[in-house]
Amino acid sequence: QEQLVESGGGLVQAGGSLRLSCAASGRTFRNYAMGWFRQAPGREREFVAGISWSSTTTYYSDSVKGRFTISRDNDKNMVDLQMNSLKPEDTAVYYCAARSGGAYWRGISYEYWGQGTQVTVSS
């Protein structure tokens with residue numbers, strides 16, 4: 001069974017950068033597409049970025065396109081989210097998730113979730 005643990009969150013000023021990491025355990029990690037979601041207080045969880053199992057295809061929400069980059073290393077069982085030019089509206093709890101199928105932008109498609117890491121961007 002897959003287990004996901006996020007790290008790298010914190011407090012950063014607007015315009016700054018953070019790199020989130022997601023460590024996966026489980027033999028079948030390389031078979032899953034991965035995604036990052038976020039949830040701000042009082043708001044619904046939203047898709048941020050996704051990557052196919054082979055890293056061939058990446059997906060981004062319009063709000064982060066050009067600023068965030070998702071990557072994975074199947075040998076190290078890691079998925080990263082590099083976040084640049086951060087804005088106060090990026091403040092949220094960020095979650096790593098794994099899916100074996102389904103629509104990449106839908107949370108219901110993802111079978112495994114991490115516990116989340118807080119990102120706070122000050123203005």
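At 7 Å along Cα-to-Cβ for each site, give me the label-to-label distance between Ser123 and Asn31 in nm.
Taking the simple label geometry, Ser123 and Asn31 are separated by 4.8 nm.
What figure, in Å² to the nearest 10, do you get for the accessible area of Lys87 with a 1.4 Å probe and non-protein molecules left out?
Solvent-accessible area, nearest 10 Å²: 80 Å².
Could you put Asp80, Asp73, Asp90 in order of accessible surface area, largest first, with the 1.4 Å probe and the full protein assembly present?
Final ranking, largest accessible area leading: Asp73, Asp80, Asp90.
Work out how much length Leu11 to Gln82 would gain on full extension: take 0.36 nm times their residue separation and subtract the Cα-Cα distance, in nm to one decimal.
24.1 nm
Along the Cα-to-C-beta direction of Tyr59, a point sits 7 Å from the Cα; which residues of the range 93-123 have their amide N less than 19 Å from that point?
Residues 94-114 qualify, since their backbone N sits under 19 Å from the label point.
Gly10's amide H: which non-local residues (gap 5+, or another chain) put their own amide H closer than 5 Å, with H modeled 1.01 Å from N in plane and none for Pro or chain starts?
Val119, Thr120
May I have the extent of the alpha carbons of the range 34-123 along their three principal axes, as whole Å values ordered from largest to smallest?
37, 24, 23
The values are calculated or read from the model by the stated rules, or taken from the named source; none is laboratory data. On a predicted model such as this, the values are computed, not experimentally measured, just so you know. Cβ atoms come from the backbone with ideal geometry, glycine included; neighbour counts cover every protein chain shown. Remember, those area values only see protein heavy atoms, side chains included, never the ligands or the DNA or RNA. Shrake-Rupley method; radii C 1.70, N 1.55, O 1.52, S 1.80 Å.
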